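This report refers to the structure that appears directly beneath it.
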Amino acid sequence: FRQPLMFKGQRLASREGLLVAINGQWGEIAPLPGFSTETLAEAQAESLACLAAIQRGEKATPTLPSVQFGFDCAQRLWSANLPTPLPPYPLLQGAPAELMLSLDTILTGWGALPPPRLKLKVVRYAMEEELALIEQLAAQLPTTKLILDANGGWTRENALRFCECLPLEHIDYLEEPCAAFADTIAVAEATGVSIALDETLSRREEWYGHPQIKALVIKPTLIGSLNACEALVKRARADNLRVVISSSFESDLGLGQLARLAGEWAPNEPPGLDTGHWLTERVTTAGGEMMIENVHCLFKMEKSAC
C-alpha cells in the first residue's frame, strides 16, 4: 500500500493473495483481513486441493468465498461484447482533519467537474470529526452525492445520533450502519436515511425489502460464487434496487475482472472500484498480460494450471 490502511482494526502495510490459471485464464484469490471469513493460508490449502482434484480429472468444488471467486473467474466464459462500465466513484480514506486540510488539492485532482458521487469511510475516527468533514464536503461539492460506509460499526444508538446530524439531501446512501439488520432498518426508519446492504450479503444473512433500502453492494471476493452474486443481482432487479459491484482491495487483475462484471450486471451504475491507486505494484502489464516472472509458483500441471 502507498500508506498503511486500517481494516476492521487491523493495520495493513501490504496486500497478499494468490493467482490461479486454468487453461490460460486467470483468477484472483485474495481474502481481505478483517472482512473475509477465511485466512490466506486456508484459501491456499483449499486452492491446492481443488487443483489436485482437477489434475485427477475431477471437478473442483471450492467452499471458501475467495477461492470460489478466483476459480469461477478462471473458468468463466466471459462475454466478448460487454458495455464499458462507468468510471468508479472516488473513495476518500484517512483522518478527517488531514482530509479537510488537503481537500482543495483533492478537488483540483478531479478537474473542472466534481464527481457525481464520492465515497467516504466512517466509524474510523471521532464522530464529531467525521460529521464536520461531511459538512465541509457537502458545502464545497453541492452537486456531489456522498456515499457513507460504516461497515456495521455502530450501535443503534450511535447510528441514530450520527444520522440525525447528516445533511440528508447530500447523502446518496449509508452502507450498513449497524451489524444487525434489524438495527439498520430501525435507524433508517427513524432518520429517513437511505440504506445499502453490504456485509449482510457477504455473511449471507436473511434480509427483506424495505423502502429505505436503495442498493445492494456486491463484493464477489467476499460473497464467492459468481452464481450467488448473479442471484443477488436478479433479486435487486426484482425489487428495483441499484446494484453496485465493489472491490475488496484486489490487484489490478481482480479489479479488471470486477469491472467486466460491473459492465455485465450493472452497466448504468458507477462501481465501487477506486482502490487500485492505493497499491504500489501491479501483477499485469499495461496490455493486460500477466507478469508471471514475479509470481512464485505453488502448483503446476501440464496444460492446465499454475
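The values are calculated or read from the model by the stated rules, or taken from the named source; none is laboratory data. What you see is a predicted model; the values in this text were computed from it and never measured. Every residue, glycine as well, gets a Cβ built from its backbone with ideal geometry; the counts of neighbours run over all protein chains shown. Heavy atoms of the whole protein, side chains included, go into the accessibility calculation; ligands, DNA and RNA do not. Shrake-Rupley method; radii C 1.70, N 1.55, O 1.52, S 1.80 Å.
Carbon-plus-sulfur accessible fraction, segment 91-278 (probe radius 1.4 Å, protein heavy atoms only): 53%.
Note on segment 91-278: Cα Rg divided by 2.2 N^0.38 Å, N the number of residues, gives 1.00. With respect to the cross-link table entries 119/234; 8/119; 119/219; 8/121; 214/234, which display a Cα-Cα separation exceeding 23 Å? As for pairs spanning more than 23 Å Cα to Cα, those are 119/234.
Rounded to two decimals, the Cα-based Rg/Rh of segment 228-284, with Kirkwood Rh, is 1.04. Residues in the chain average 47 Å² of solvent-accessible surface per residue, probe 1.4 Å, ligands and nucleic acids excluded.
Selection among 286, 152, 241 by position relative to the dipole of the chain gives 286 as farthest towards the positive end (Cβ unit charges, Cα centre). Of the residues 281, 46, 175, the one that moves most in a GNM of the chain with alpha-carbon contacts below 10 Å is 281.
Packing, taken as the mean count of other beta carbons within 10 Å per residue, orders the peptides 223-232, 240-249 from highest to lowest as 240-249, 223-232.
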